[in-house]
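The values are calculated or read from the model by the stated rules, or taken from the named source; none is laboratory data. Not measured: the values here are computed from a predicted model. Glycine also receives a Cβ, built like all others from the backbone with ideal geometry; neighbour counts cover every protein chain displayed.
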Amino acid sequence: MPTQTYAEFLDLSVDFPPEGFEVINNELYFHNINLMELVETYGTPLRFTFLPIISKKIQEAKLYFQQAFLKNDYQGKYIYCYCTKSAHFKHVLVEALKNDIHLETSSSFDIAIIRALHQEGYFPKDRMVICNGFKNDDYKRRIADLIHDGFTNVIPVLDNKEEFNFYLHEFENQEISIGIRVAIEEQPDHELYTSRFGIRADEVLDFYKHRLQPYSQFKVTLLHFFVESGIDDTPYYWNELEKMVHLYCKLKQINPDLRYLDLGGGLPYRNSLFFDFDYEYVINEIVANIKSICRSYGVKEPDLITEFGSFTVAESSGIIFKVLGRKKQNDRENWLILDGSLMTTMPDIWALNQKYILLPINNWDCKYDRFILGGLTCDSADYYSTDAHTKVLFLPSTRKTQYLGFFHTGAYQETLSGVGGIHHCLIPTPRHVILDRAPDGTLIHKIFREEQNSREVLRILGYLP
Ligand SMILES: Cc1ncc(COP(=O)(O)O)c(C=O)c1O
């Protein structure tokens, strides 16, 4: 058993605390929020969302692009779209929209969200709505109706050639802006060689010339691609970006309406204490590369659109559990059993082996040991055993009440696990609290959703009317 305390160990092993975390009197604070106080107020398991982080991240990204534009004398504009699918919640969108941003949609109900936001005055009709995804009839219908109803900046992005037939029929005389999603090549070691999303790059110019150009009411203003492995300083990413910019320039030469290059999402968020992504460098390289390729074609550089989802919301949320019990199953393994399920609250842990920042909320002055965390379901896959980098999990070793927090869990987890509904072993959806700061800096708490109760579950299962 190590002789150091957990606090001493973490101090030695990583440059702790990173931005947003602080330990005072052996308790953890998140952006100056006393998490023990939060737990004492609301209990566990507890999901929380701290709204100001969302605006902070958007402003950060805008600044990186602004700096890169200045440095490279880039003449285009930067347009920040939030990709709603990362977290569709109204509180998330209302906070994000305070930052003069636009939205990207991926399915039919997203359009209903746009209308609801508009009705309440959060989303003016001239904001950009980029409609991505393989569209069923309902989604196409709703997009068209949005345009008919006077939303002036809606851009349906063709995911396949057939999709155009719908708009052709729908907009015989009205001018509309459309985009094309270009399929990227997956990394060579990927099990699927080519992405199923978008139109093949080598077919885009012909498709434009023969199918789109003849109809003057359709202005192809946008070219979109998304490297699903994310924006990263790798030869693969730079290669895909360059191919897309070359294609942009070739299309621009025959289609003067083209003006947007949509880089998609994929800007990483901090998912580990060791995270050291150099945003400034990578964004500058993106801008410099686009500028230089456009110059070689004598083409004006495009306005750049991004659809950052995880980057916008991931760091705003966390989930806190209490250790319910401790089990030593053999000589090596110490299990901490939590009062909720990892698998059902953060499905990416189970499905993608995703790692999050995991920190104790209290007992930082205790010695530490190696542990495995177990969830409340009966499923052997409901566990968490390694940190992003250390391959083992060290936590305070104590018999005292212990709370543990997973941080930066705000993207995709609720939509994958569902909010309400039924879950593995009927482990209920935890209570969710929204946190904000009043203009004078005081913390505002609000319960967004109570912990799910048995009546709701039994109703779904048919036991109750
Ligand atoms: C078309 C498109 N844009 C943006 C995103 C957001 O990606 P991220 O959350 O990695 O920023 C996704 C995610 O799947 C996507 O499919």
**Study point:** Qualifying residue in region 285-292 (condition: closer than 17 Å to GLU315 by Cα, crowded, with 16+ Cβ neighbours inside 10 Å and within 16 Å of the ligand (Cβ to nearest atom))
**Key:** no
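So that you can scan it fast, the table gives a plain yes or no per residue for (1) outside the structural domain of PHE16 (by TED's automatic domain parsing); (2) buried (at least 17 other Cβ atoms within 10 Å of the Cβ); (3) part of a loop (DSSP other than H, G, I, E, B):
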position	(1), (2), (3)
VAL204	yes, yes, no
TYR208	yes, yes, no
ASP232	yes, no, yes
TYR237	yes, yes, no
LEU247	yes, yes, no
LEU251	yes, yes, no
LEU261	yes, yes, no
ASN271	yes, yes, yes
Check your understanding: Within region 211-227, is there a residue that is modelled with pLDDT under 95, assigned by TED's automatic domain parsing to the domain that holds CYS294 and closer than 17 Å to GLU285 by Cβ?
Key -> yes
Review point. Pairs under 6 Å by beta carbon, first residue within 15 Å of ILE176 (Cα to Cα) in region 254-265, partner in a strand (DSSP E or B) and within 16 Å of the ligand (Cβ to nearest atom), six or more apart or different chains?
Key: TYR260/LEU222; TYR260/ILE305
Revision key, fill the gap. Matching residues in region 213-229 (crowded, with 21+ Cβ neighbours inside 10 Å and in a loop (DSSP other than H, G, I, E, B)) number 3
Check your understanding: So, of the residues in region 242-299 that are in contact with a Pro (Cβ under 7 Å, 6 or more places away or on another chain) and hydroxyl-bearing (Ser, Thr, Tyr), which turns out to be nearest to CYS83 (Cα to Cα)?
Key -> TYR260
Review point. Residues that are under 16 Å from the mean Cα position of the chain (by Cα) and more than 16 Å from the ligand (Cβ to nearest atom): which strands (runs of 3 or more DSSP E) entirely in region 309-362 hold 2 or more of them?
Key: none
Check your understanding: Any idea which residue in region 105-128 is farthest from the chain's Cα centre (by Cα), counting only those that are acidic (Asp, Glu) and closer than 11 Å to LEU93 by Cβ?
Key -> GLU120
Point to revise | In region 392-441, the residues that are within 16 Å of the ligand (Cβ to nearest atom) and not hydroxyl-bearing (Ser, Thr, Tyr) | key: HIS408, GLY410, ALA411, GLN413, GLU414, LEU416
Review point. Within the bounds of region 42-57, is there any residue that is closer than 30 Å to ILE293 by Cβ, modelled with pLDDT of 95 or more and not hydroxyl-bearing (Ser, Thr, Tyr)?
Key: yes
Practice item. Go through (1) under 26 Å from the mean Cα position of the chain (by Cα); (2) more than 27 Å from THR415 (Cβ to Cβ); (3) not in a helix (DSSP H, G or I) one by one and return the number of the condition ILE290 breaks. Key: (3)
Review point. Which of the residues that make up region 253-267 are within 16 Å of the ligand (Cβ to nearest atom), of a type outside the set (D, E, K, R) and either within 21 Å of LYS209 (Cβ to Cβ) or touching a strand residue (DSSP E or B) at 6+ places or on another chain (Cβ under 7 Å) (or both)?
Key: TYR260, LEU261, LEU263, GLY264, GLY265, LEU267
Exercise for review: Have a look at SER272, SER229, SER195 and point out the one that is touching a helix residue (DSSP H, G or I) at 6+ places or on another chain (Cβ under 8 Å) and under 30 Å from TYR356 (Cβ atoms).
Suggested key: SER229
Exercise for review: Please find, within region 299-308, the residue that is surrounded by the fewest Cβ atoms within 10 Å (Cβ to Cβ) out of those that are of a type in the set (Asp, Glu) and more than 8 Å from the ligand (Cβ to nearest atom).
Suggested key: ASP303
Exercise for review: Exactly one condition in (1) surrounded by fewer than 16 Cβ atoms within 10 Å (Cβ to Cβ); (2) within 24 Å of ARG270 (Cβ to Cβ) is not met by GLU333; state its number.
Suggested key: (2)
Exercise for review: Could you list, in sequence order, all residues of region 162-188 that are surrounded by 14 or more Cβ atoms within 10 Å (Cβ to Cβ) and assigned to a loop (DSSP other than H, G, I, E, B)?
Suggested key: PHE171, ALA183, ILE184, GLU186, GLN187
Review point. Exactly one of (1) closer than 15 Å to PHE407 by Cβ; (2) buried (at least 20 other Cβ atoms within 10 Å of the Cβ); (3) not small (Gly, Ala, Ser) is unmet by TYR6. Its number?
Key: (1)
